[in-house]
């Protein structure tokens with residue numbers, strides 16, 4: 001197999017008799033799997049009691065996999081501190097927002113702020129790194145597992161309270177009066193005279209001070225960054241030649257993934273398209289249409305997000321859904337062919353490895369209903385032939401080029417999500433809904449998208465989409481001034497300061513240096529209220545939010561005399577939440593101006609380019625035809641067909 005495309009699987013040798021391991025490894029290789037992740041939940045088997053180590057079983061598992069030329073991704077086992085450790089040090093436990101300890105009995109039962117746990121996590125990571133640094137099967141490390149899963153980023157424990165006060169002292173340079181000014185504590189007589197007086201912002205009578213909450217969210221994110229950095233430093237010191245990975249999640253924003261990724265070599269995520277469709281805030285109609293396929297833009301958005309997080313664009317899918325899961329509200333099975341299509345979409349967005357979760361369905365404990373590549377009785381599950389087909393197709397794409405930089409970027413901000421959670425101002429306001437609408441509009445036009453952070457360099461892009469950025473980071477306006485790109489700014493951008501206050505110059509704050517427009521007041525609208533407007537000769541729609549502005553600019557789009565869209569030089573600014581067609585029309589016009597080709601794709605069809613290799617994916621319940629103008633010049637396909645069945649994928653070269 002080419003080195004830049006490989007298949008993997010998640011395996012738990014501690015769950016199965018040792019007599020099965022060699023045959024499991026042989027069958028993995030037979031399918032076309034070359035990488036195996038193990039160890040991330042194995043602390044109690046490695047160290048059954050304090051200082052009583054049993055490494056030998058893990059040694060033999062590593063040896064067995066290595067003897068079959070399988071490359072091992074070894075997880076540090078810190079997501080599941082064992083019972084003896086919790087009993088000895090209950091300060092390790094996280095607390096929920098109501099001040100109750102989150103007890104032992106599942107996983108992720110630790111507080112990132114516990115100094116005891118940091119010491120213990122460093123100890124087990126150091127011992128593991130020293131033992132396996134020279135093992136020939138070791139390919140990479142995974143730190144912990146799914147930071148933040150089960151709402152565990154933010155702990156409301158006594159340990160978190162201590163750490164938060166230290167964090168605040170550092171941020172405000174020991175000046176509690178500076179904190180009072182930043183937080184506006186004169187309101188409701190909330191002023192502090194010493195940092196020791198500050199509590200965590202939970203269990204208040206009504207909502208806590210917004211700046212207090214946002215600082216707590218920032219602090220909690222920084223705790224994850226520090227915990228991950230500690231592990232990375234240990235692993236990198238022992239094995240400087242081995243990449244370090246973490247497996248992030250979908251639709252999770254409890255910490256800043258861009259910042260955590262600064263210490264990683266490869267970003268990965270756990271892709272469960274059907275589970276996420278069921279729990280994410282999609283319309284019921286979409287949940288019906290895509291019940292067995294997953295939403296056509298949700299998974300790809302995360303592919304692009306984690307490609308942005310990875311160093312030099314390196315990223316994986318560490319866990320790929322192979323069948324029904326066990327954790328969503330409802331857990332349907334994918335359409336036949338969909339596991340193959342999900343795999344190829346990941347590769348199309350630049351993944352180096354797609355790893356299926358899991359090798360064999362568990363007959364016990366919490367995940368009995370979670371499918372694997374094999375059934376409990378060791379028969380192959382429906383996904384296995386599809387994985388085998390992907391492996392065969394990979395061999396047809398030797399020397400596949402890496403995914404290059406797109407011409408269009410979309411800016412995603414974790415801090416924006418935190419702020420909108422704190423002050424949504426409208427019950428139907430949804431940052432995720434806004435972002436996915438903008439991203440989906442671009443994808444429907446057949447465009448490749450890069451996701452970027454608010455601090456990213458935008459000089460290489462022709463168009464930059466900013467769905468909403470309420471707090472402008474340092475240097476943002478300067479980057480706009482120096483950019484040749486057209487920047488599309490969404491509602492509420494520039495509406496708050498770093499301290500969650502209204503700018504002295506009113507919204508959009510410092511953007512007024514480049515955009516002669518001032519927001520006088522804003523209103524949020526019920527989600528059953530729509531704004532019908534005109535953009536050129538076209539009817540357009542918007543909803544949920546409306547800014548009323550003072551400006552000499554003529555609106556580019558209006559509804560009942562109120563401007564919905566304004567343009568000035570290389571900026572476009574929405575005062576409302578535009579629907580998909582509204583965004584798509586503006587984007588298509590700008591692409592024409594910038595010389596970027598667009599193709600309005602059939603509703604459920606999506607395409608993605610990886611160098612000169614083009615992929616098409618049908619997420620619809622029925623067949624779809626790939627448009628003539630994007631097909632290969634000679635009509636030749638690497639695999640698939642121009643008329644794609646439901647759950648079908650095709651691949652061709654553009655030159």
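Taking other Cβ within 10 Å of each residue's Cβ, how do 315, 183 sort, fewest first?
183, 315
With a ≥ b ≥ c taken as the square roots of the eigenvalues of the C-alpha gyration tensor of the stretch 408-594, please select rounded if a/c is under 1.5 and otherwise prolate if a/b is larger than b/c or oblate if it is not?
Rounded.
If packing is taken as the average number of other Cβ atoms within 10 Å across a peptide's residues, how do 632-644, 561-573 rank, most packed first?
So the order, starting with the most tightly packed, is 561-573, 632-644.
What distance in nm separates the two pseudo spin-label positions at residue 50 and residue 499, each 7 Å out from Cα along the beta-carbon direction?
Result for the modelled spin labels: 4.6 nm.
Can you give me the C-alpha center-to-center distance between the stretch 403-472 and the stretch 182-222, rounded to a whole angstrom?
Spelled out, the Cα-based centre of one part sits 28 Å from the other.
What's the FRET efficiency of residue 333 with residue 521 using the Cβ-Cβ distance as r and R₀ = 30 Å, to the nearest 0.05?
0.05
Roughly speaking, what is the stretch gain from residue 603 to residue 558, that is 0.36 nm per residue apart minus the C-alpha to C-alpha distance, in nm to one decimal?
Gain in length upon complete extension: 13.5 nm.
Say a paramagnetic label sat at a point 7 Å from the Cα of residue 233, along Cα to Cβ; which residues of the stretch 97-122 have their backbone N under 19 Å from it?
Once the point is set 7 Å along Cα→Cβ of residue 233, 112-122 turn out to lie under 19 Å by backbone N, inside the stretch 97-122.
Which residues among the stretch 322-336 fall inside the zone where the amide N is under 20 Å from a point 7 Å beyond the Cα of residue 288, along Cα→Cβ?
329-335
Tell me, what is the FRET efficiency for residue 60 and residue 119 to the nearest 0.05, using R0 = 22 angstrom and their Cβ-Cβ distance as r?
0.15
Can you give me the Cα centroid spacing of the stretch 266-296 and the stretch 99-163 in angstrom?
Using only Cα atoms to place each centre, the spacing works out to 28 Å.
Report the full-extension gain for the segment residue 593 to residue 364: residue separation times 0.36 nm, less the Cα-Cα distance, to one decimal in nm.
Values: separation 229, 0.36 × 229 = 82.44 nm, distance 5.89 nm.
Contour length minus Cα-Cα distance gives 76.6 nm.
Which order results if 171, 481 are arranged by neighbouring Cβ count within 10 Å, fewest first?
With the sparsest Cβ surroundings first, the list reads 481, 171.
Within 10 Å of each residue's Cβ, count the other Cβ atoms and sort 120, 56, 603, 71 from fewest upward.
Least crowded to most crowded, the residues run 56, 603, 71, 120.
Want the number for residue 550 to residue 151: 0.36 nm per residue separation, take away the alpha-carbon distance, what's left?
Net length gain for the segment: 139.4 nm.
Let me make sure I get this right: for the stretch 158-212, a, b and c are the square roots of the gyration tensor eigenvalues over alpha carbons, sorted descending. Under 1.5 in a/c it's rounded, otherwise prolate if a/b > b/c, else oblate. Which is it?
In terms of gyration-tensor shape, oblate.
Between the stretch 604-624 and the stretch 328-377, how far is it from one alpha carbon centroid to the other, in angstrom?
One Cα centre to the other: 20 Å.
Evaluate the distance, in nm, between pseudo-label points positioned 7 Å from the Cα of residue 528 and of residue 654 along their respective Cα→Cβ axes.
So the label points at residue 528 and residue 654 sit 4.6 nm apart.
Using a basic spin-label model with each label point 7 Å from the Cα along Cα→Cβ, how many nm lie between residue 513 and residue 180?
With each label placed 7 Å out from Cα toward Cβ, I get 3.2 nm.
Taking every DSSP beta bridge that has both residues in the chain, what percent is antiparallel when rounded to the nearest 5?
Antiparallel bridges: around 50 percent, rounded to the nearest 5.
Every number in this text was worked out from the coordinates using simple rules, so none of it is lab data. These numbers were taken from a predicted model, which means no experiment stands behind them. Don't worry about glycine lacking a Cβ; one is built from the backbone with ideal geometry, like all the others, and counts go over all protein chains shown.
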